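A.B. asks: Quick one: this structure, given as structure tokens, is what I'll be asking you about.
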Amino acid sequence: MTITEQEINITSALLEREVTLTILKPEDSDIAEPLNLLLLNDGQELENLGLKTTLETLYNTNRLKPVLIVAIHAGDSRLDEYGIAGKPDFKGRGAKAGLCTQFIKEELLPQLQQLTGFNEFDTTAFAGFSLGGLSAFDIVWNNPVLFDKAGVFSGSFWWRGKDLAKGYTDADRLMHQVIRETKIKPAINAWLQTGTKDETSDRNKNGIIDAIDDTIDLIREMEAKGFKRPEEIQYVEVVGGTHDTATWGKAMARFLVWAFGR
């Protein structure tokens with residue numbers, strides 16, 4: 001299957017900047033069934049992820065349904081635009097996360113027909129890496145009418161409202177708070193990945209790095225809301241995995257097959 005690649009810029013009034021998109025999709029002549037959609041944060045990393053090669057391998061081995069990928073490049077305000085809508089961290093980062101959510105809902109998704117020629121999709125997912133993964137999860141969690149699945153590679157689930165040196169407890173983790181405060185379980189599925197070498201930090205000195213602890217605790221919060229493993233939550237722990245595109249690129253095939261596999 002041949003994959004076409006197109007880079008375009010759209011103007012966002014909400015983010016007050018030009019947003020670069022890289023669009024990957026099978027050639028129209030190769031699409032013989034309903035198309036799926038994946039939005040991807042940090043789209044500027046596509047080459048480092050080796051995504052096109054991964055897609056070609058999966059398509060050529062008949063493991064993947066056709067997917068339209070819209071990779072959204074981060075801007076200079078990445079640390080403000082990514083995060084949790086309405087919940088900046090203790091340093092005020094993520095202050096524009098609500099605007100980023102609005103951009104996805106009100107500017108990007110409505111333009112897909114014009115940009116790609118498609119506006120109906122079988123399954124719609126949003127994925128990201130590190131802080132971009134936190135952003136993708138937050139958007140999917142709060143918009144289950146628009147999204148079916150979230151993919152998070154080494155997500156920044158440490159995102160907290162209080163400094164470690166100023167009375168922090170694990171209850172201050174903001175995405176965990178959002179889940180606890182959600183009254184109705186959203187109809188979504190989640191794929192979460194960590195690497196055993198994502199970092200060295202270990203806040204509670206339990207011998208497990210924070211990246212893993214924070215992700216496992218997030219899964220527990222989801223289970224408390226009624227989510228089932230493995231039907232609705234998939235957790236992948238990469239032994240020796242590091243916090244970089246090399247590890248995420250290798251894990252990408254597992255995510256894609258989980259989200260859109262045959």
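Derivation of every value follows stated rules applied to the coordinates shown; laboratory data play no part. Predicted model, so just to flag it, every value in this text is computed and none were measured. As a convention, Cβ positions derive from the backbone with ideal geometry for all residues, glycine included, and neighbour counts pool all protein chains shown.
A.B. asks: Can you pull the semi-axes for the chain, root of five times each eigenvalue of the Cα gyration tensor, sorted largest first, whole Å? Intermediate results must be reported in sequence, preceding the final value.
C.D. replies: On the way: eigenvalues 168, 87, 59 Å².
Value: 29, 21, 17 Å, ordered largest first.
A.B. asks: Place the peptides 177-189, 89-101, 1-13 in order of packing, highest mean first, counting for every residue the other Cβ atoms within 10 Å and averaging per peptide. Before the final figure, lay out the partial values.
C.D. replies: Details: 177-189: 14.5, 89-101: 19.3, 1-13: 12.7.
Final packing ranking: 89-101, 177-189, 1-13.
A.B. asks: At 222 nm, what helix-only mean residue ellipticity would the chain give, in deg cm²/dmol to the nearest 500, using -39500 (n - 2.57) for each DSSP H run of four or more? Mind dumping the intermediate values first?
C.D. replies: On the way: 9 runs with 83 residues, N = 262.
It lands at -9000 deg cm²/dmol.
A.B. asks: Note the count of lysine pairs whose C-alpha atoms are less than 25 angstrom apart in the stretch 47-146, limited to pairs 8 or more residues apart or on different chains. Present the calculation step by step, with values, prior to reporting the outcome.
C.D. replies: Working: 52/65; 65/105; 87/96; 87/105; 96/105.
Lysine pairs satisfying the spacing and distance rule in the stretch 47-146 number 5.
A.B. asks: Could you tell me how many degrees, from 0 to 90 and to the nearest 10, lie between the Cα long axis of helix 51-60 and the main elongation axis, the longest principal axis, of the Cα atoms of the chain?
C.D. replies: 60 degrees
A.B. asks: Spin-label point model (7 Å from Cα, Cβ direction): what's the residue 105 to residue 7 distance in nm?
C.D. replies: 3.1 nm
A.B. asks: Another question, if that's okay. Considering every Cα-Cα pair within the stretch 19-130, what fraction, in whole percent, is farther apart than 21 Å? Provide the component values of the computation, followed by the final result.
C.D. replies: Details: 2565 of 6216 pairs.
For the stretch 19-130, the share of Cα pairs beyond 21 Å comes to 41 percent.
A.B. asks: Oh, and also: Extending each Cα 7 Å along its Cβ direction at residue 79 and residue 62, get the distance between those two points in nm, one decimal.
C.D. replies: Simple spin-label model gives 5.0 nm for this pair.
A.B. asks: From Cα pairs below 8 angstrom and at least 6 apart in sequence, can you work out the relative contact order of the chain, rounded to a whole percent? Numbers along the way, then the final one.
C.D. replies: Details: 506 pairs, mean separation 47.3, N = 262.
The normalised contact order for the chain reaches 18 percent.
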